[in-house]
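Accompanying notes for the structure given below.
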Amino acid sequence: MSLQAEKLKLVQAVLNIDDLGLIKEVETLLKKRDQDWFDDLSEDQQQSIIRGIAQADKGETITHKEAIARAWKISVETSPYDPDFVAMVKKAEKRGNFTEIDPNNVWGSLKLK
């Protein structure tokens with residue numbers, strides 16, 4: 001059904017309503033759609049969001065993982081590997097230029113046995 005047909009159907013349904021309370025509810029619903037959700041927040045909530053945007057604009061952000069860790073008051077594990085080494089391994093993996101090592105047969109995996 002087209003948008004125009006849906007609108008006409010809705011207008012017809014509203015015209016057939018005999019309950020003033022229901023008409024007011026529809027009116028309230030339509031007015032709420034035009035409101036900005038930010039206006040419905042408390043002053044504290046609005047200020048918190050404004051502060052957060054200002055921090056992000058200054059580059060003062062944290063990763064999702066760090067945010068979750070802070071919220072749950074847990075420590076975030078860091079990798080024991082050198083980031084340059086990890087980047088090199090990932091590049092090799094993308095190129096398909098790697099050797100998979102079997103932990104049960106390291107020397108055999110490297111063809112050194």
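The values are calculated or read from the model by the stated rules, or taken from the named source; none is laboratory data. As the structure is a computational prediction, the values presented were derived from the model and not from experiment. Glycine also receives a Cβ, built like all others from the backbone with ideal geometry; neighbour counts cover every protein chain displayed.
Out of region 28-48, which residues are acidic (Asp, Glu), surrounded by fewer than 10 Cβ atoms within 10 Å (Cβ to Cβ) and assigned to a helix (DSSP H, G or I)?
Within region 28-48, the first condition is being acidic (Asp, Glu), and the residues that meet it are 34, 36, 39-40, 43-44.
Those left that are additionally surrounded by fewer than 10 Cβ atoms within 10 Å (Cβ to Cβ): 34, 36, 39, 43-44.
Within region 28-48, ASP34, ASP39, GLU43, ASP44 meet the criteria.
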Please list, ordered by first then second residue, the pairs with beta carbon atoms under 8 Å, 6 or more apart or interchain, first in region 30-52 and within 26 Å of VAL14 (Cβ to Cβ), second modelled with pLDDT of 95 or more and outside any loop (DSSP other than H, G, I, E, B).
-> none
Could you run through region 2-27 and say how many residues are exposed (fewer than 10 other Cβ atoms within 10 Å of the Cβ) and part of a helix (DSSP H, G or I)?
-> 7
Residue check: is GLU93 assigned to a loop (DSSP other than H, G, I, E, B) and either modelled with pLDDT under 85 or within 30 Å of LEU112 (Cβ to Cβ) (or both)?
-> no
